[in-house]
1. Could you tell me which numbered condition residue 76 fails, if it satisfies all but one of (1) assigned to a strand (DSSP E or B); (2) farther than 20 Å from residue 55 by Cα?
2. State the number of residues belonging to the range 1-35 that are assigned to a loop (DSSP other than H, G, I, E, B) and crowded, with 19+ Cβ neighbours inside 10 Å.
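The values are calculated or read from the model by the stated rules, or taken from the named source; none is laboratory data. Since this is a predicted model, take the numbers as computed values, not measurements. Methodologically, a virtual Cβ is constructed for each residue, glycine included, from the backbone with ideal geometry; neighbour enumeration extends over all protein chains shown.
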């Protein structure tokens, strides 16, 4: 398992971490298996979506902000209830396939760390697991 640190710079931010995930897969030397990307925070998550056009993640953030606005009649007193809900909608992890030593992603897909309560110092983990009987 490999841990990465990340510093976010805005309250809601989508950081492309595809290169770090590919690095972890390459270092693992696993040829066939799965790769889990996990975020241990309650106000941040992991998603897979288009990384060729930055407008896509901008739009995702905009829609999440409309669905779950920052101000609302929330019971949680810390002022970040929207961040917790957005995290639950996105989820804390993604599982990807490793085939022939490479991460399987579509042409336009990338892996994103999703910050909903920044700016903060954050971390995420990448674990690559070999297929049973494989390396």
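1. Residue 76 satisfies every listed condition except (1).
2. Total satisfying the criteria: 4.
Here is a yes/no grid of residues against (1) closer than 14 Å to residue 33 by Cα; (2) buried (at least 18 other Cβ atoms within 10 Å of the Cβ); (3) at pLDDT 95 or above:
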residue: 72; (1), (2), (3): no, no, no
residue: 90; (1), (2), (3): no, yes, yes
residue: 101; (1), (2), (3): yes, no, yes
residue: 109; (1), (2), (3): no, no, yes
residue: 114; (1), (2), (3): no, yes, yes
residue: 117; (1), (2), (3): no, yes, yes
